[in-house]
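For reference, the structure discussed in these notes is given below.
Each reported figure results from applying straightforward, stated rules to the coordinates on display, with no laboratory input. In this text the structure is predicted, and so the values were computed from the model without any measurement. Every residue, glycine among them, receives a Cβ derived from its backbone with ideal geometry; neighbour counts consider all protein chains shown.
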Amino acid sequence: MNSNVLRWLLAQLGPDTDPADLTQRYERLGSARDVALEVLNERIASLVAEPLKVTVNGVATIDHTANVAALERRYTQVASATAPDANPQEDGGGVVAWELLARPRR
């Protein structure tokens, strides 16, 4: 994984993300977008595994529903973004050319 890919991943996932973990995932998955989506999936799963809202009457309320929604929005953004290591043919962004031939006349 080159430095451009690592910088893109850190920009997508935050600077507190462990670069060694990202490198390990990149070697296993082979794509920066797949790495980012896997990390975001894990973050969403860890939030959803716990109660999203906890209220102690008269003391405190903790609500994680906005965090889950924000991570889901981020997942959608990363899924549609172009990663620095993306192959244009995989993204459907390639150019296709057709040769047009004149039909023979009678």
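Some values worked out for this structure:
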| quantity | calculated |
| --- | --- |
| Residue list for segment 13-23, restricted to those being over 14 Å from E42 (Cβ atoms) and either assigned to a helix (DSSP H, G or I) or touching a helix residue (DSSP H, G or I) at 6+ places or on another chain (Cβ under 6 Å) (or both) | P19, A20, T23 |
| Condition check for L10: free of Cβ contacts under 8 Å to residues at least 60 places away in the same chain, in a helix (DSSP H, G or I) and touching a Ser or Thr at 6+ places or on another chain (Cβ under 7 Å) | yes |
| The one condition in (1) on the phi < 0 side of the Ramachandran plot; (2) without any contact (Cβ under 8 Å) to a residue 24 or more places away in the chain; (3) not in a helix (DSSP H, G or I) that A83 fails to fulfil | (2) |
| Considering residues of segment 28-64 that are assigned to a helix (DSSP H, G or I) and β-branched (V, I, T) only, the residue farthest from L13 (Cα to Cα) | V48 |
